[in-house]
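What follows is calculated from the coordinates using simple rules that are stated; it is not laboratory data. Not measured: the values here are computed from a predicted model. In this analysis, Cβ positions are derived from the backbone assuming ideal geometry, glycine residues included, and neighbour counts consider all displayed protein chains.
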Amino acid sequence: MNLPSLPPLNIPALLKAYGLHPSKGLGQNFLQDHQALQKVAAAADLKPGEAVLEIGPGLGSLTRYLALLAASVTAVELDERLFPALEATLRPYSNVRLIHGDILKLNPVDLMGEKEYVVVANIPYYITSAVIRHLLTSAARPRRLVLTIQREVAERICATAGQMSLLALSVQVYGQPKVKAHIPAGAFYPPPQVDSAVLAVEILPEPIIPSALLDTFFTLARAGFSQKRKTLRNALSAGLHLSPAETENMLAAAGIDPQRRAETLGLEEWKVLCNEYQHRKASGPSA
């Protein structure tokens, strides 16, 4: 891919010109480093004619790159204060559509229709899981997610069995994550306290857990991770309001040692456990 080379925005000057201050509550750290912007654009790996849904365009630094690479960019920004500056930055790009709103309250189908698209997002880590699930349970699923997030969070998402977390499971059930690049804190204005990473998630044709079992999967996983230091037997008993004996029997039937902890289970084991839990619910208390 031939990446564009654009003069960097002067973020401090732009903020000053429009009387703006970055919001800590919204996690606003604006990416301004030229090489870092190119790394994010490269991770998107856009096909000719492809569309982009950008979440959190901020002041438009990355949006400009995406506009030169994509057929169209739909950029959703929550902070209405940024729009005068954002509109001025993006005026030369006729293929960019700006939308004011909360991505968690917008339907991707309404935003993107049925065309294939890639999501590019610079989002606070605390909404990462919610945004991913919102996008991937939509009828209009993206082909790839490219997230600029805290480096530690990106590495946690890529964990393997033994070090799994609820966040890692909630991503890996839908796709295959991989860290594509590291971005130092100094590439942002204002610089955050931690370094970031560019995470690409290749979306699977279907979730590893069948769609009919996804609600059950998240119920079980939340219960399993609700008390991380406890064994699965104890954590699931408390989270699902089952007796320890019932939980132990269910885990044994699924071929899982009740003394294991949630972080040691892989997705295929969770799938077996989901099926066993559903079977027992359907069969009633005597099962």
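The set of residues in region 96-142 being more than 14 Å from the chain's Cα centre (by Cα), among the hydrophobic types (A, V, I, L, M, F, W, C) and within 19 Å of PRO57 (Cβ to Cβ) consists of VAL96, LEU98, ILE99, LEU106, LEU111, MET112. Residue-level check: of (1) outside any loop (DSSP other than H, G, I, E, B); (2) over 30 Å from LYS115 (Cβ atoms), LYS24 misses just (1). Candidates in region 145-177 are the residues that are in contact with a helix residue (DSSP H, G or I) (Cβ under 9 Å, 6 or more places away or on another chain) and among the charged types (D, E, K, R); of these, the one that is surrounded by the most Cβ atoms within 10 Å (Cβ to Cβ) is ARG156. Of all residues in region 240-279, those satisfying the criterion of being part of a helix (DSSP H, G or I) and charged (D, E, K, R) are GLU246, GLU248, GLU263, GLU268, GLU269, LYS271, GLU276. Of all the numbered requirements in (1) farther than 17 Å from PRO124 by Cβ; (2) in a strand (DSSP E or B), GLU54 misses one, and that requirement is (1). Considering region 137-239, the qualifying helices (runs of 4 or more DSSP H), each wholly inside and each with 3 or more residues that are touching a Cys at 6+ places or on another chain (Cβ under 7 Å), run over 214-225. You will find that of LYS39, LYS16, the residue that is outside any loop (DSSP other than H, G, I, E, B) and free of Cβ contacts under 8 Å to residues at least 60 places away in the same chain is LYS16 and no other.
Within region 188-203, one or more residues are surrounded by 20 or more Cβ atoms within 10 Å (Cβ to Cβ) and either over 29 Å from GLY27 (Cα atoms) or over 21 Å from the mean Cα position of the chain (by Cα) (or both).
Considering only residues that are surrounded by 13 or more Cβ atoms within 10 Å (Cβ to Cβ), more than 19 Å from the chain's Cα centre (by Cα) and not aromatic (Phe, Trp, Tyr), which ones fall in region 72-83? Within region 72-83, SER72, ASP79, ARG81, LEU82 qualify. Residues in region 104-124 that are touching a helix residue (DSSP H, G or I) at 6+ places or on another chain (Cβ under 8 Å) and either basic (Lys, Arg) or assigned to a strand (DSSP E or B) (or both): VAL118, VAL119, VAL120, ALA121, ASN122.
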